[in-house]
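The values are calculated or read from the model by the stated rules, or taken from the named source; none is laboratory data. This one's a predicted model, so the numbers in the text were calculated from it and none came from an experiment. Every residue, glycine among them, receives a Cβ derived from its backbone with ideal geometry; neighbour counts consider all protein chains shown. These accessible areas exclude ligands, DNA and RNA; they are computed on the full protein's heavy atoms, side chains included. Shrake-Rupley method; radii C 1.70, N 1.55, O 1.52, S 1.80 Å.
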Amino acid sequence: GVNGAVPVTATNATGTSSTASSATEFTYAAPTLSPASGEGQSAMAGSSFRAPLVAHLDVAGSPVPGAAVTFTVTEGSASFAGGQRSSTVTTGPQGTATALKLSAGAIPGPLTVTATTPGAAAPATYSLSVTPPEANLGVSIRTSAATVEPGSSLQIEVDASNPGPAPAGASSLT
């Protein structure tokens, strides 16, 4: 047996360690992962989100560098660079992790992305949205008459085209 105080060292999943003279003196602070930027954005279906998703990882207010953070599309239509539904990156010196570029998918609606890291108390959650694509409607008008006399009629030709990606709604010419 051992009499007296025995030094004990504990290390958490992010590599933070602490030494105490007895196990009863330990207090453990779980890493906290929170959205730093990129929350609340919207992007048109088929386009990229303007700002990257950035998460911040800290333990009791101190940044945790060198930790793996995984960003995952958990609801909705989107993918990270390379067409993947998840992206794993490493936190930098300030404890921040920046996800790869996120692109909106083809289906409009709410989008949820979560960021996780081993040992964190809870994931960081980003609520985003994918908006419907806009129609690309083009109109051209042609006539052969250079002038039209009062009381006479004019024949014109109108062409409308929509190369997409969305259908155009009803239109009228007045």
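Below, the figures for the structure above:
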| quantity | calculated |
| --- | --- |
| Of residues in the stretch 31-60 being touching a Ser or Thr at 6+ places or on another chain (Cβ under 8 Å) and charged (D, E, K, R), the one surrounded by the fewest Cβ atoms within 10 Å (Cβ to Cβ) | Glu39 |
| Selection within the stretch 79-90 - closer than 23 Å to His56 by Cβ and open to solvent by 10 Å² or more (accessible area, probe 1.4 Å) | Ala81, Gln84, Arg85, Ser86, Thr88, Val89, Thr90 |
| Criterion violated by Thr19 - all others in (1) modelled with pLDDT of 70 or more; (2) surrounded by fewer than 18 Cβ atoms within 10 Å (Cβ to Cβ) satisfied | (1) |
| Residue that is farthest from the chain's Cα centre (by Cα) [pool: residues in the stretch 109-121 that are open to solvent by less than 60 Å² (accessible area, probe 1.4 Å) and under 16 Å from Val73 (Cα atoms)] | Thr117 |
| Residue in the stretch 91-98 that is closer than 27 Å to Leu53 by Cα, assigned to a strand (DSSP E or B), modelled with pLDDT of 90 or more and among the hydroxyl-bearing types (Ser, Thr, Tyr) present | yes |
| Subset of the stretch 61-78 [more than 22 Å from Tyr28 (Cβ to Cβ) and open to solvent by less than 30 Å² (accessible area, probe 1.4 Å)] | Phe71, Val73, Ser77, Ala78 |
| Where Val130 falls short, out of the listed (1) closer than 16 Å to Pro52 by Cβ; (2) of a type in the set (A, V, I, L, M, F, W, C); (3) open to solvent by less than 20 Å² (accessible area, probe 1.4 Å) | (1) |
| Conditions (1) modelled with pLDDT of 95 or more; (2) in contact with a Pro (Cβ under 7 Å, 6 or more places away or on another chain); number of the one not met by Leu102 | (2) |
| Any hit, the stretch 144-159, residues being farther than 30 Å from Val59 by Cβ and at pLDDT below 70 | yes |
